[in-house]
Amino acid sequence: MPRVLVVEDDPRIRAFLIEILTEHGFAVHNSSDGFGALREITRMSFDAVVLDLGLPDLDGADALRMIRGLSPVPVVVATARDDEAEIIRLLNAGADDYLVKPFSGGQLVARLSAVLRRTAGPHTQEPGGGPWSAAPADLMRPVSVGRLTVDPGARTAVLDGHELRFTRREFDLLAFLAHHAGQVVSKRRLLSEVWREPYVDDQTVDVHLSALRRKLGESAAAPRYLRTVRGVGIKLVEPR
């Protein structure tokens, strides 16, 4: 059952999309705003995202760019904007397809099905990929920091004897920090060496760090492994 995230602020349209997609065999999750959608994408893998551009907290184009920084999950943009230049800009920014409102449920299902056939998701839990797929041998060795062990080769992370589950990008970020344990790493360096994509911004790193902290059982206010050096960057350290 393909898992789809619907991002739409209008409750009536959102309910319509959920109903149609559920009837056609999709497992549907939903969010009414952009930052909520980003949190959902850090928590679980999706086969596709249906993204409205008129969101209350983020411009849809910015939301698309930030989703692209988090995951290569296919994105179908739902927009009332039918300007050709705008549509081309969205496709160039990473949208896989688009629908101009108003559209029918049948159109949406057909477009989503076509995107899924092309991309054969899911994406966010793919093994391998990222900067670690072709890393030197010394960067593939397991690293232990305190009671946390990260193994880039096996793509596993174990904390206090329990294996943790991460999205692909979260794991890449954790593995990079583990291999530079004790060093303060700037967000710019993380963007350059972990994301390697020109359209990602600092806020994407913050979203991922927040997800890592949650899964490591800590918070920014009560850090254990991830320590922020204000104005400089982040470092992974053994808890005191």
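The values are calculated or read from the model by the stated rules, or taken from the named source; none is laboratory data. Keep in mind that what you see is a predicted model, and the values were worked out from it rather than measured. For neighbour counting, all protein chains shown are included, and Cβ atoms are generated from backbone atoms with ideal geometry for every residue, glycine included. In case anyone asks, the SASA skips ligands and DNA or RNA and just uses the protein heavy atoms, side chains included. Shrake-Rupley method; radii C 1.70, N 1.55, O 1.52, S 1.80 Å.
Taking a probe of 1.4 Å, how large is the accessible area per residue of the chain, in Å²? Before the final figure, lay out the partial values.
Values: 11160 Å² over 240 residues.
Solvent-accessible surface per residue comes out at 47 Å².
Relative to the globular-protein estimate of 2.2 N^0.38 Å, the Cα radius of gyration of the chain stands at 1.07.
Counting only protein heavy atoms and using a 1.4 Å probe, the accessible area of Arg65 comes to about 70 Å². Of the residues Gly54, Gly146, Gly182, the one that moves most in a GNM of the chain with alpha-carbon contacts below 10 Å is Gly146. Using a 1.4 Å probe, how large is the accessible area of Met140, given in Å² and rounded to the nearest 10? Counting only protein heavy atoms, Met140 exposes about 50 Å² to solvent.
For GluC sites (Glu not before Pro), the sites in segment 155-240 that DSSP calls loop and that have at most 16 other Cβ atoms within 10 Å are Glu218.
So for the chain, taking the charge dipole from beta-carbon charges (+1 Lys/Arg, -1 Asp/Glu), which of Ser144, Ile20, Ser32 sits furthest toward the positive end? Going by the charge dipole, the pick is Ser144. Starting from the Cα gyration tensor of segment 155-196, take the square roots of the eigenvalues, sort them a ≥ b ≥ c, and report rounded, prolate or oblate (rounded when a/c is under 1.5, otherwise prolate if a/b is larger than b/c, else oblate). Since a/c reaches 1.5 but b/c is at least a/b, the shape of segment 155-196 is classed as oblate. Rounded to 0.05, the FRET efficiency of the Asp9 and Leu91 pair, given R0 = 35 Å and the Cβ-Cβ distance, is 0.95. Maximal additional length on extending the Ala80-Ala110 stretch stands at 8.9 nm, based on 0.36 nm per residue less the C-alpha distance. A simple spin-label model places the labels of Asp59 and Ala221 3.3 nm from each other, with each point 7 Å out along Cα-to-Cβ.
Picking from Leu116, Leu64, Leu212, which is most flexible by a Gaussian network model of the chain using Cα springs under 10 Å? The residue that fluctuates most here is Leu116. Compared with the alpha-carbon gap, the fully stretched path from Val184 to His24 is longer by 52.7 nm at 0.36 nm per residue. His162 to Lys101: FRET efficiency via 1/(1 + (r/R0)^6), r the Cβ-Cβ distance, R0 45 Å, to the nearest 0.05? Rounded to the nearest 0.05, the efficiency is 0.50.
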